[in-house]
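Take a look at the structure below.
The values are calculated or read from the model by the stated rules, or taken from the named source; none is laboratory data. Values in this document were obtained by computation on a predicted structure and should not be read as measured data. Note that each Cβ is placed from the backbone with ideal geometry, even for glycine, and that neighbours are counted across all protein chains shown. These area figures cover heavy atoms from the full protein model, side chains too; ligands, DNA and RNA do not enter into them. Shrake-Rupley method; radii C 1.70, N 1.55, O 1.52, S 1.80 Å.
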Amino acid sequence: MDADAVIVGAGPVGLFLAAELRLGGIRPLVLERLAEPATERKARGIGVLATEALTRRGLGPRLAEAHEEGERDFARDHGSPLGHFANIHKLLPDNERPRTHIWQPDLEQLLAGHADALGVPVRRAHRVTAIESAVDGVTAIVETPQGEQRIGAAYLVGCDGGRGKVRSLAGFGFPGTSPLLRTLAGQVQFAGPVPPAGRYADGTFMHGGSMAGVTELARDGEPDGPVTPAELAAAIQRVTGDEVAVAEVRNSRRFTDQARQADDYRRGRVLLAGDAAHVHSPSGGQGLNLGLLDAANLGWKLAAVVRGDLPEALLDSYFRERGPAGAAVLRNTRAQSALLAPGPHVDALREIVAELMDLPEANRYFSDLLSGVDHRYEFPYPAEEPVGLHSPDRSLVDDDGQVSRLSDHTRTGRGVLVLDPENRDLAALATKRVEVVPVTNTESFLLRPDGVIAWTGGEAELKTALDAWFG
Ligand SMILES: Cc1cc2nc3c(=O)[nH]c(=O)nc-3n(C[C@H](O)[C@H](O)[C@H](O)COP(=O)(O)OP(=O)(O)OC[C@H]3O[C@@H](n4cnc5c(N)ncnc54)[C@H](O)[C@@H]3O)c2cc1C
């Protein structure tokens, strides 16, 4: 075996997963087809849960630095600093649980540095072309500048993006819906007057700062590759009715709202995470949140199984927990597509949704829908909320009055058992992969390495939770 786990793809999800595996004490190896990191400015932000996941690993200050620039760019390009549902910009920020605006290349650089500091090997210009699965491992067939190589590992995880090969090579199904809408966008220089941004009878024209984009109903036979100035000008004219001259399109993107999800995230020793497991429209900026949380969920579990601390059946909880989270995002992005489609009936529906969003409870509902903070995992033992929910970061006060953050105790990737004064004797139950933190300012709880609350309550329940997640 060349590694315990081969990760195919050094995108944000692959890099974060590899770092999590390393924290879990096993040997990951990342294979990436590109010789150099991608510079494409796709995502411009990560949601609340991904921000918290990275903060748990000590990356909070770096995210905060990037956020300043990202927030400015977001407000400039969207014409509003507020979050949106289907481009209705009304979502109020949650100051207790903030998201982060960070451009994808900056995020990838940050995660590459994090993985590197942990000693994760990343082999670039290594394209996986085939995989061979056996009972005790997986072999990746890899095209490299030195010729073909065979790289063996106990497990292989496809983090190779929406168009990745691992999914089909391993025989996963990928059911879902075909595109309803298609968007062309980029940093555009116009050579003449620009029509007003807004919804038109046949689509939407977006224009803010240097960004411009046009959304229309999807058509068969869409071309691939970079968007040309002529193509963009023709699309803008179709939608707005105005003739425009486009001088240049930089950082162009074309994307649809096709929504698909793998029918499982594991087939034997091959697993999927990130866009490889689910694709959907970028509306509401949820792809990275979903993918990074897949990595957070899978990393410690796969490490525990490879270390032999827990049986392989633990890996089944990965899809049980993350499958519904992915389905929830597909559902809300489909709803957003319905609200972004052209036509007077949709105009009327948008007005009603916009009015609803003025109600504080509805505003919160839409924010939670996009952030996923109220998405609760189904556990193999009965428990009530907050068990199954991701914990926010919070202040902890010890017996001497010293204040720390929960995230100060999670950098090593172990679990955390927070014990109030009445439950200190339960510390004896903790295994070596659980740090015990005595506190005076909150009730006792157990945190899994992925930040999910696994227990509150009595001794018997704690034993059950520790057995289930730490062995
Ligand atoms: C226009 C646009 C805007 C977006 N905005 C947002 C946003 O604001 N917020 C958000 O959260 N998400 C957004 N997204 C989605 C986000 O970009 C993706 O969810 C994210 O890139 C997924 O990360 P990933 O690591 O799963 O896959 P990717 O980033 O696609 O990385 C996959 C990696 O695998 C490599 N690879 C592929 N095949 C192979 C192979 N055979 N062998 C080796 N390596 C291989 C690729 O080169 C790549 O480096 C947006 C997407 C688009 C298109």
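Looking at Pro28, Pro12 in this structure, which one is farther than 30 Å from Ser252 by Cα and within 15 Å of the ligand (Cβ to nearest atom)?
Residue meeting the stated conditions: Pro28.
Show me the strands (runs of 3 or more DSSP E) found entirely inside the stretch 142-258 where at least 2 residues are free of Cβ contacts under 8 Å to residues at least 24 places away in the same chain and touching a strand residue (DSSP E or B) at 6+ places or on another chain (Cβ under 6 Å).
147-158
Checking Cys159 against (1) open to solvent by 20 Å² or more (accessible area, probe 1.4 Å); (2) within 16 Å of the ligand (Cβ to nearest atom), only one condition comes out false. Which one?
(1)
Filter the stretch 274-298 down to the residues that are over 12 Å from Gly162 (Cβ atoms) and part of a loop (DSSP other than H, G, I, E, B), then identify the one that is nearest to the ligand (Cβ to nearest atom).
Going through the qualifying residues, I end up with Gly285.
Picking from Arg41, Arg27, Arg56, which residue would you name as being more than 22 Å from Leu290 (Cβ to Cβ) and basic (Lys, Arg)?
The match here is Arg27.
Pairs, please: C-beta under 9 Å, at least 6 apart or cross-chain, first residue of a type in the set (D, E, K, R) and in the stretch 273-299, second within 8 Å of the ligand (Cβ to nearest atom) and in a helix (DSSP H, G or I)?
Close Cβ pairs satisfying both conditions: Asp275/Val13; Asp275/Gly287; Asp275/Leu290; Asp275/Gly291; Asp294/Val13; Asp294/Gly274.
Out of Leu288, Leu339, Leu356, Leu349, I need the residue that is at pLDDT 95 or above and within 12 Å of the chain's Cα centre (by Cα). Which one?
Values: Leu339 fails: within 12 Å of the chain's Cα centre (by Cα); Leu356 fails: within 12 Å of the chain's Cα centre (by Cα); Leu349 fails: within 12 Å of the chain's Cα centre (by Cα).
Leu288 is the lone residue from the list that is at pLDDT 95 or above and within 12 Å of the chain's Cα centre (by Cα).
Of everything in the stretch 39-68, what is more than 25 Å from Leu21 (Cβ to Cβ) and either open to solvent by 70 Å² or more (accessible area, probe 1.4 Å) or within 14 Å of the ligand (Cβ to nearest atom) (or both)? Give them in sequence order.
Of everything in the stretch 39-68, those that are more than 25 Å from Leu21 (Cβ to Cβ) and either open to solvent by 70 Å² or more (accessible area, probe 1.4 Å) or within 14 Å of the ligand (Cβ to nearest atom) (or both) turn out to be Thr39, Glu40, Arg41, Arg44, Gly45, Glu65, His67, Glu68.
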